[in-house]
Each structure stands twice: as C-alpha cells, then as structure tokens.
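The values are calculated or read from the model by the stated rules, or taken from the named source; none is laboratory data. The structure displayed is predicted, hence computed values, not measured ones. Please note: Cβ atoms are built from the backbone with ideal geometry, for glycine as well, and neighbour counts cover all protein chains shown.
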Amino acid sequence: MSTSLPPTQEARTDKGTVDAATAVLGGESSRNRLARIIPFLGPAFIASVAYMDPGNFATNIQAGASYGYMLLWVIVASNLMAMLIQALSAKLGIATGLNLAEQCRLRYPAPLTWFMWLIMEIAVMATDLAEFLGAALGFNLLFGMPLWLAGIVTAVATFIILGMQRYGFRLIEIIITVMVAVVAVAYVAETILDKPDWGLVLFHSFVPQFAGPQSIVLAAGILGATVMPHAIFLHSALMQNRITVKDAEHKRKLYRFEIVDVLVAMGLASFINMAMLIMAASTFFDKGLTDIASIESAHKTLEPLLGAAASTIFAISLLAAGLSSATVGTMAGQVVMQGFLHRHIPPWVRRSITMAPSLIVIWMGLDPTWTLIWSQVLLSFGLPFAVIPLVLFTRRRDIMGELVNRPITTFAASLIAALIVVLNFYLIYQLLFAG
C-alpha cells in the first residue's frame, strides 16, 4: 500500500516505530516486555475496526432486542474465527511481501481474478454503505441535523481522516485506535448502566441456540458484520511493508508479535460486539420491548429507560465507529483494486464513488437499520472468496516458506471456510424459497 510520504514527516512519524521494532527483532532492545510489544501493535487494530462498524450495531441491536442473549454465542464464535483468519492474513503479508489480492492476481487466471475483484468491490461497497450510514446516523442522533446534511458532514470528516495517511502509518494507526477506544469506553459505560443478567450472558455465550429462520438470518448478518472480507485483504497489505524483514527467524518473531496484536485487537472487538447485544437484550428484550428494530428507536428508547447519558454515549460510539470504519473501508478498497488489477486511483476519488450508494439510500428515505443489516448479509456472501484463497495460499510451503501453516491450522481454517459456505447456501435458500 503506497504512502508517498514527505521524508521529514515519515522520519518523524514512522522511523522511530520501525527502529524500535527492528531492535526488538534483533535482540538489541533493553525495553521491558510490554514496551517491546508496543511497536508491533497497530495493524490488527486497523483491521479490527471492520469488526465493530455500524453494521455490527444494526445486527447486534436487532438480535438482542428480538432474541435476548440467545445469539451471543454467534459473536463469540465469529470472533474466534476472525482471530485465526486475521492472523493468517497477517502471516501471508509477512512471509511473502505480497498481500492477498496480489497473490490472487499472481496465482489465478485473469478471468477468475477479474471475477474475484468484482465480488470484492461489491463487498467493499456494501461495507461502505454500512459505515457511511452509521456515521451519518451518529451525527444525526448526536446533533439533530437532517440525515442528508449528516451524510455531507460524514463525507467531509472521512476526507480529513484519510488525508492523515500522508503523515505515515503510525499516525493513522493512532487515530483509528483512539476511535476504537472511544467505542470501547462507551460500551463499558452502557454495560454498567443496563445491569444485564450475567448468568444468562455466560450461558448463551457458549451454548448454541436458534429460534427459527429469522434468527439464522440474523446470525448470518452477525457473521457478515464480524468476519469481513475487506479486512482480510487489508490486513495482509498492512503487514507487507510496515516492518520489512528477510531473515526466516525474524519473520517468525514478527509473526509472533502480530499474533499478540491480533489477540488484543480482536479480543477488544469481541467485547464491544458482545456489549452491543447485551445492551439491547437487557434494556429492550428483558423489558418486553422486542419491537426495537432500528438504531434510531434504540437511541430514543435508551433515554427514558437509562437516562440522557446513555443515549448520548450510544450516539458518540456510533459516530466514532462510523468514521473510523469508513476510513478503513476506503483503505481496503485501494488494496483490492491495486492488488487484483494493478490499478490505483486517489483515495478521495474512491471515497467519492463508494459513498454514492449511501447518499442514494439517504435521499430515497430507506430504513437505515435494515439497509445496514442486509448489507452485512451481502458481505457474508463475499467471505468465501477471501477465506478460501487465504487458506489455500497459507498451506503451501512454496509460497509461505518457514511460515507455512501447520496441518491443524489448515484444518481449523478449512472448517471455518466450510461453515461460511454452508451458512451462505442456507441463507440463499431462506431468502429465495422460504420467504
């Protein structure tokens, strides 16, 4: 992923991180264990934004309000899958110096490459729809501005954040991590306020259950909002040029540090997603308000139930999630196009093109929450085209060298890919034939 940084800015924002990481990998650092980890933290936090975007708000609120704590296990399972998949994506970038899209272009016939690019562009557009709408809803709920004006403000804000890329990877990592922290703190506050039934939370976190076809559709939406195809492509790109090492032993060390990055970032994402559903379950479902079907109604209902602070915190978290994920979505779109087609367009052009469907949805007056939910279902259809190539590449020693998957890793990742494909086929059947 090209950054084209001015030398002085690059030296100020990135050189210190790279030097510190290089010293740790070479065994020359005198820092304590926690300080040695810090230079390697960042890429997974950027990728994790895709796991807590406004699409997650829509699916988790709908699931919690309609079925209580029942689908918590789907979030837990989805995030465990995400940890493995994102770790493999990072490993591909470290081992090969190429991202997943570039590997597809290199290894597959041109017609298949073009088809996969098209599928991924649709997935990126669906992602962008969720992110842009979510940020616009955040502005709308927080400041009371009309949704069309909130959409314009969202566009301006994301352009400004994207502009920060010119100052290096560390600055954009810090900006995204701060926004993730805002969402996390917001949901710590929400969880304290709503006083959930922790016994039910524990039970449903580990016991799989469904309650009819609609719950399975929502489960597919949760999966699509959690294990996201564009994040898989992006993570491999974030690793390929961030800290470059050639020696096999240094690659193994770098990968071990990236596993820590993934565990911390995805663990936080899992907590935030669970907190969203827990909030909806304890605040709405437990009080018999199972018809809370939209983000707007959830926001309005929170105030009389939990107080004005709760609804404000909710709107702030939605805004932070929307702006950060919209930025990351544009970065992922660049990786997809440049990797598959070897084409590059300026980020502001891509941002302008991909936000068009969101503005159309706003102008048409379509229900934002259900638009968000169906965008996440659409994302789940794109997942096999990211997960399957990732598994196939990372199992090959001629591609991965010493970082090739162990058999148990390939087996686990293959099970995840198979589960995703089966769930998608079931979802298609429900949509087309079961009504």
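The set of residues from the stretch 86-121 being in contact (Cβ under 8 Å) with a residue 12 or more places away in the chain and among the aliphatic types (A, V, I, L, M) comprises ALA87, LEU88, ALA90, LEU92, ILE94, ALA95, LEU98, LEU100, ALA101, MET116, ILE119, MET120. Picking from residues in the stretch 374-416 that are outside any helix (DSSP H, G or I) and in contact with a helix residue (DSSP H, G or I) (Cβ under 6 Å, 6 or more places away or on another chain), the one that is modelled with the lowest pLDDT is LEU383. Take the stretch 38-63 and flag every residue that is in a helix (DSSP H, G or I) and either surrounded by fewer than 16 Cβ atoms within 10 Å (Cβ to Cβ) or among the charged types (D, E, K, R) (or both). The one that is in a helix (DSSP H, G or I) and either surrounded by fewer than 16 Cβ atoms within 10 Å (Cβ to Cβ) or among the charged types (D, E, K, R) (or both): ILE38.
Name the residue, out of ALA150, ALA110, ALA123, that is within 25 Å of ARG343 (Cβ to Cβ) and buried (at least 19 other Cβ atoms within 10 Å of the Cβ).
Every option except ALA123 fails the conditions.
Scan the stretch 38-93 for residues that are within 18 Å of ALA184 (Cα to Cα), out of contact with any Ser or Thr (no Cβ under 6 Å at 6 or more places or on another chain) and hydroxyl-bearing (Ser, Thr, Tyr) and the total you get is 2.
Taking THR154, is it in contact with a Leu (Cβ under 9 Å, 6 or more places away or on another chain), β-branched (Val, Ile, Thr) and under 19 Å from LEU41 (Cα atoms)? Outline the logic, then answer.
Numbers: in contact with a Leu (Cβ under 9 Å, 6 or more places away or on another chain): yes; β-branched (Val, Ile, Thr): yes; under 19 Å from LEU41 (Cα atoms): no.
Here the answer is no, as THR154 does not meet what is asked.
Beta carbons closer than 7 Å, at least 6 apart along the sequence or on distinct chains, pair a first residue in the stretch 395-412 that is surrounded by 10 or more Cβ atoms within 10 Å (Cβ to Cβ) and hydroxyl-bearing (Ser, Thr, Tyr) with a second that is part of a helix (DSSP H, G or I) and at pLDDT 95 or above for THR410/VAL391.
The helices (runs of 4 or more DSSP H) falling completely within the stretch 85-187 that include 2 or more residues that are over 30 Å from LYS251 (Cα atoms) and of a type in the set (Asp, Glu) map to 110-143. Under 9 Å between Cβ atoms, at least 6 apart or on separate chains: pull out the pairs that start in the stretch 150-168 with a residue that is in contact (Cβ under 8 Å) with a residue 40 or more places away in the chain and end on any residue that is among the basic types (Lys, Arg). Pairs found: ALA155/ARG351; THR158/ARG351; PHE159/ARG351; LEU162/ARG351; TYR167/ARG12; GLY168/ARG12; GLY168/LYS15.
Among the residues of the stretch 176-203, those identified as buried (at least 17 other Cβ atoms within 10 Å of the Cβ) and more than 13 Å from PHE314 (Cβ to Cβ) are ILE176, THR177, MET179, VAL180, ALA184, PRO196, LEU200, VAL201. Taking the conditions (1) closer than 29 Å to LEU277 by Cα; (2) touching a Phe, Trp or Tyr at 6+ places or on another chain (Cβ under 6 Å); (3) buried (at least 18 other Cβ atoms within 10 Å of the Cβ) in turn, GLN103 satisfies each one other than (1).
Checked against (1) surrounded by fewer than 23 Cβ atoms within 10 Å (Cβ to Cβ); (2) of a type in the set (Phe, Trp, Tyr); (3) in a helix (DSSP H, G or I), PHE233 meets all criteria but (1).
Table: residues versus (1) surrounded by fewer than 17 Cβ atoms within 10 Å (Cβ to Cβ); (2) closer than 26 Å to PHE143 by Cα; (3) of a type outside the set (S, T, N, Q); (4) modelled with pLDDT under 70.
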position: MET274; (1), (2), (3), (4): no, no, yes, no
position: MET279; (1), (2), (3), (4): no, yes, yes, no
position: LYS287; (1), (2), (3), (4): yes, no, yes, no
position: ILE292; (1), (2), (3), (4): no, yes, yes, yes
position: THR301; (1), (2), (3), (4): no, yes, no, yes
position: PRO304; (1), (2), (3), (4): yes, yes, yes, yes
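For the stretch 122-147, filtering for residues that are over 20 Å from ALA58 (Cβ atoms) and either of a type in the set (A, V, I, L, M, F, W, C) or touching a residue at least 24 places away in the same chain (Cβ under 8 Å) (or both) leaves 2.
Within the stretch 316-343, the only residue that satisfies the criterion of being within 18 Å of LEU147 (Cβ to Cβ) and surrounded by fewer than 21 Cβ atoms within 10 Å (Cβ to Cβ) is ILE316.
Here GLY199 meets each of (1) under 30 Å from GLN338 (Cα atoms); (2) modelled with pLDDT of 85 or more with one exception, condition (1).
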